[in-house]
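The block underneath contains the structure these notes are about, expressed in structure tokens.
The values are calculated or read from the model by the stated rules, or taken from the named source; none is laboratory data. Source: prediction; values computed, not measured. No Cβ is skipped: glycine too gets one built from the backbone with ideal geometry, and neighbour counts run over all protein chains shown.
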Amino acid sequence: MCDRKIVKITTGGLVLKSTKSFVLAVILTLAVPGEIVLSFFLFNEDGNSTVRNIGWVILWISGAFGWLPIFALRKWGMVPKGESYIHTTTLVDRGVYAIVRHPQYLAGMLIGTSLALVAQHWMVAVLGAIVVLVSFLDTFEEDTSCIEKFGEEYGRYSKRVPSVNFILGITRLILRKSRT
């Protein structure tokens, strides 16, 4: 939502804000496809079917958190015509953003977790843990960037809506709606 990683786009490609952002982006770029590919090749057919089914449910949930922000930011983010959905000009706190502040990072964490549960192999689990950790670490930089972009309004929003804990976010949303 806050375009924190992209400083500018040049003919040479994206320019990242910091070395830390670059390193985390490289790690994630390697870990995510690595986990996906290994999930196919190291799939444990003798694994626990209950654990595998939980993994599939989590994978479907991740899809919702991955796609819904695109529609929410386009609808309420006042994105300039012709720009990507991430170039919002106003803080969005409706839709999926009323549940969590970082739904796409959450989607990444859920994908990392779900593939480990589905494949049930230690190498997939290690890459999944890396995906979860790096995605979670990215949320802190995103919060900093959003505070820079939206100021005190984002500070109030962050007190109301959790970063990635969607169970707490749904609970808080229900409580807020029941009070009105």
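Tabulated values for the structure
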quantity	calculated
Matching option when the condition is among the basic types (K, R), assigned to a helix (DSSP H, G or I) and in contact (Cβ under 8 Å) with a residue 12 or more places away in the chain, among R52, R101	R52
Qualifying residues in the range 159-180 (those that are more than 29 Å from I27 (Cβ to Cβ) and not basic (K, R)) - the one surrounded by the most Cβ atoms within 10 Å (Cβ to Cβ)	L173
Some residue of the range 135-155 being among the charged types (D, E, K, R), closer than 26 Å to S39 by Cβ and touching a residue at least 12 places away in the same chain (Cβ under 8 Å)	yes
Given (1) within 14 Å of the chain's Cα centre (by Cα); (2) farther than 22 Å from T29 by Cα, number of the condition R156 does not satisfy	(1)
Residue within the range 81-97 that is within 30 Å of L30 (Cα to Cα), touching a strand residue (DSSP E or B) at 6+ places or on another chain (Cβ under 9 Å) and among the β-branched types (V, I, T) present	yes
Test for G66: is it within 23 Å of A25 (Cβ to Cβ) and either touching a helix residue (DSSP H, G or I) at 6+ places or on another chain (Cβ under 8 Å) or part of a loop (DSSP other than H, G, I, E, B) (or both)	yes
Members of the range 37-80 found to be loosely packed, with under 15 Cβ neighbours inside 10 Å, closer than 19 Å to V164 by Cα and aromatic (F, W, Y), listed by number	W60, W67, F71
D93 being outside any helix (DSSP H, G or I), on the phi < 0 side of the Ramachandran plot and among the acidic types (D, E)	yes
Pair list, Cβ < 8 Å and 6+ apart or interchain, from the range 163-180 residues that are part of a loop (DSSP other than H, G, I, E, B) and at pLDDT 90 or above to residues that are of a type in the set (V, I, T) and surrounded by 15 or more Cβ atoms within 10 Å (Cβ to Cβ)	S163/V100; S163/T139; V164/V100; V164/T139; N165/V100
Condition met for G82 (in a loop (DSSP other than H, G, I, E, B) and small (G, A, S))	yes
Residue in the range 112-124 that is more than 30 Å from L38 (Cα to Cα), among the small types (G, A, S) and either surrounded by fewer than 20 Cβ atoms within 10 Å (Cβ to Cβ) or in contact with a Leu (Cβ under 8 Å, 6 or more places away or on another chain) (or both) present	no
All positions within the range 28-49 that are part of a loop (DSSP other than H, G, I, E, B) and closer than 13 Å to A125 by Cα	L42, F43, N44
